[in-house]
Every structure is written in C-alpha cells, then in structure tokens.
Amino acid sequence: MDATEKKTVSGVTLGCKLNYAETASILQSLVERGWRIAGPQEQPDLIVVHSCAVTKQAEQKCRQKIRGLVRRHPDSRVVVTGCYAQLSPGLIADIEGVDAVLGNDEKFDSSSYMGVVAAPPPAGKPVVCVSDEGGFLTAHRACSLPSGSEGERTRAFLKLQDGCDYGCAYCTIPLARGRSRSVPPEVVLQQAQMLADSGYREIVLTGVNTGDYRSGTTGFLELLRMLEDIDVPRIRISSLEPDILTDELVALVAASRTIVPHFHLPLQNGSDRILGAMRRRYRTADYRERLLGAVDAIEDCAVGADVMVGYPGETDDDFGDTVRFIEGLPLAYLHVFSCSVRPGTVLAREVSCGERLAVAPQVASGRSAILKEIGERKAAEFRLRYLGRRCRVLFEECRQAGNGTLRWSGYSRNYLPVWVDIPADERSLSGRELPVAIVGAGLQLEGRLLS
C-alpha cells in the first residue's frame, strides 16, 4: 500500500450499548490520527473486535465471530478487546489470526492499534496487554461517531459511567471493568452537544450502572437536568437499577420534554429468597413500589425488565413466586435468560463448594419458555393499548414493501416499534419525528402518517 494512503479500520461490537459507544470512540481516536473508517466492502488494515463475557454463550459467540473475521479478512490485522479479552486474554490469544489482545483500560490507547499495524505479524503468540482490575482508575469518555462518519444515524450512545460497586453474586463486572467511576460532567455535556450538532435525534445514556453516576458534587439527577439543555429531541436512559428509580427521578422524567418515558429496570428474579442469594439491593415489594410509582406518575411510561432463570438453588417454589410476581406487574416487555455461572464470582465459589446446587438445564429451559410466553403476552397487551391512538415516531430505517411503496420503521418515545408504508417517491423519513395514528397492533404497531 502507498505510504501516503490512509490506513483503514473497522469495528465489530458484541454485547451492550456501552461497548458500542466505546468501539466508536476507539475508531474516532484513530480517525483523529489520520486513519479512515473502512467501507462495508473494503478489506481494512485493522479490525477491532469489542468482545462480551456476560454469559458462556456470549463468549462462544465472540470466538465464532473472531474466527469468521480472520477467515474473511486474511490480510487484516485483528485486535480483540472488551470484557472477554479482559477476563480470558489467554483464550483469545490462542485463536489463530489474532494479532493483539487489549484489556478494558488499554483499549483506549490509539498508539497500541497503530503499533500492531506497523509491526510485522507476530511469529508466535500475539501481543497481550491486559492490566488487572485494580488498574481501573479512569472513566474514559466514549460516544457514538459523528453522524457523518457512519452515514445517516438517528440514535447515539453516550457513556456516563463505568464499573460497578453493587457486588451481585453472579456478576463479573467488578473483575472486567472495576469499581464505579464517572465521566466528568463537562465532558459528558461536550459530547452530548457534539452528537446533537452532528444530527442525532436521540441520545441514549449508557454505562455499566448508569444511575450510579457521581462526579464530584454532580449526581445523576443533576446531570440529567444539565442534559435537558442540550438541543436534542430525545434523551433515553438505558438500564437503571431499581434502587435508583427514586421519586425525584420519576418527577424529573414526568416533567421533562426530552427525557423519554421508558425505563429498563432489571428484576433478575421474583423470589425474595433468590434475590437475597444474588445479593441484589431490593426485594420484590421494593421493585413493585418503584415500578408502579413510575407508571402511575409518568404518562405512557413503558417499563421493561430482565429476569434470570435457573439460578443455582432456585426451587420450583422460587420459580412459582417469580411467575406470580411478574404476572402482576404492568411490564411492557420482558427479557428472559438462563443463569450462566461465571468464573471468579461469588456464585462460582458457592457452586464449587456445594453451597448452591445447579439447576438441571432442561428445567431451566422449561422455566425460560414459560416466562418468555408471559413476556410475549404482556408485550402484546401493552402494544394493544395504543390501537386507535396517536404517538410520535422517530423513523430510522426503511425497506422495499412492494407496489411502489417503502416501509419505514422507528420507535415511539416509550420505545414501541412502529412501521408505516409511504410511496417510494416521498421524502425520506430518516431522522424525522412525526405524528402517527396507530391502525394495527401485531408484533409491531402499524401506523399511518398524520403529516
């Protein structure tokens, strides 16, 4: 390649919204040093893989993705970072074709990536640069790329915080990302303004424990009030721990023109006994009170939840408690997943010493199916409430619908997916927030444009 030609990079992200924000910032740091983001059909000089380790299945998906990238891009250099790289660097380094493994602190150093591309391919093991969890001192800034860097975009991710102090028994976050720490408010506001100026219509606030934000004297509520001054139509809080959904936060969202009425409120289990074993900071009565307080106070508030099945020691009675508890909640959707015992956690030690007994896979699978059916029913009931009503939809994507029409899809303020059909020669709806009449309620809401 000509020495004057810009090096090219592409990013592949697995896992959470926070990973997406951080991948974008890694790419942007290289762009600022003269690199170019590769197009979809190009063979990039460098591929950055941002990995996830939340479950065994997530790790397996990462390994498959890395091997596939190496096969498809034999001339590209491959660097793997993220939580899986942080927790299991040796396993990543053993994958043929990986050139370097960077930990969650080291991944923000652009010179590391430049060095990998400048050096000859490693003759033996790849470069491994991973500090232990005691090295996490800074919450590195991160947000989506300026919209012109990736084509049209409507929704951006903005990192507020990293790490977690909650110490749940099953969770590897303290090992993978360290203790809770926050991006300074002036940096958050600067990046939010950049995202608004570059054309994004919605900013999603992300972090490991987003609501645990604290920088100096600025807490989460104070930061939200500052962000309301940013000229962007929508601000969305990603995931929020139940103990953080206070009356003050609910009142702020209820009165806000920009913070949307949508919360993702992890439940994890509906048995108080299992919540105690998990070392969660609430019990079912607390969760119900916080959820109902939000739904009662905020118009059209949608609350979704995560729930885990098959936690070691979970009995049929515990699962029955979970089913009854969830049935009684006004949830908009439910994410169901099976417990994955992660090495190095309190739960792993309890299982290894026989203190907690594993749930048989077929039992966990059966419980998962029951809760998924309940979740699908609750989501359908929530969507049906909007039939015949009007809502504002921020449109994002389109596809051919046949007969000379385009099908545009987007999301309401409370995160309901909505589609409309319009003539193919009509003006693009991308990035436009428009009033829609809801005329159908299937797996997605069917709408009709009102203007």
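The values are calculated or read from the model by the stated rules, or taken from the named source; none is laboratory data. Being a predicted model, the structure only gives us computed values, none of them experimental. Glycine gets a Cβ as well: all are built from the backbone with ideal geometry, and neighbour counts include every protein chain shown.
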Being without any contact (Cβ under 8 Å) to a residue 12 or more places away in the chain and closer than 20 Å to PRO242 by Cβ is the filter here; which residues of region 294-318 pass it?
ASP296
If you scan region 65-95, which residues turn out to be polar (S, T, N, Q) and either in contact with a Pro (Cβ under 7 Å, 6 or more places away or on another chain) or more than 14 Å from GLY15 (Cβ to Cβ) (or both)?
SER76, SER88
Please state which one of VAL323, VAL341, VAL336 is part of a helix (DSSP H, G or I) and either out of contact with any Asp or Glu (no Cβ under 7 Å at 6 or more places or on another chain) or small (Gly, Ala, Ser) (or both).
VAL323
Sort out for me the strands (runs of 3 or more DSSP E) sitting completely within region 352-451 that have 1 or more residues that are of a type in the set (Ser, Thr, Tyr).
405-412
Any residue that is buried (at least 22 other Cβ atoms within 10 Å of the Cβ), more than 18 Å from the chain's Cα centre (by Cα) and of a type in the set (Gly, Ala, Ser) - is there at least one of those in region 256-270?
yes
Residues that are of a type in the set (S, T, N, Q) and modelled with pLDDT of 95 or more, drawn from region 139-196:
SER144, GLN161, SER180, SER182, GLN190, GLN191, GLN193
Of the residues in region 423-451 that are among the small types (Gly, Ala, Ser) and over 21 Å from TYR200 (Cα atoms), the one that is modelled with the lowest pLDDT is SER451
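Could you please give the count of residues in region 205-232 that are assigned to a strand (DSSP E or B) and either crowded, with 23+ Cβ neighbours inside 10 Å or of a type in the set (Asp, Glu) (or both)?
Total meeting the criteria: 2.
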Identify the single condition in (1) surrounded by fewer than 16 Cβ atoms within 10 Å (Cβ to Cβ); (2) of a type outside the set (D, E, K, R); (3) not assigned by TED's automatic domain parsing to the domain that holds LEU331 that ALA285 does not satisfy, given that it satisfies every other one.
(3)
Would it be correct to say that VAL101 is β-branched (Val, Ile, Thr), modelled with pLDDT under 95 and either buried (at least 21 other Cβ atoms within 10 Å of the Cβ) or under 15 Å from VAL49 (Cβ atoms) (or both)?
no
Residue list for region 259-318, restricted to those being part of a strand (DSSP E or B) and either of a type in the set (A, V, I, L, M) or closer than 16 Å to LEU357 by Cβ (or both):
ILE259, ALA302, VAL303, ALA305, VAL307, MET308, VAL309
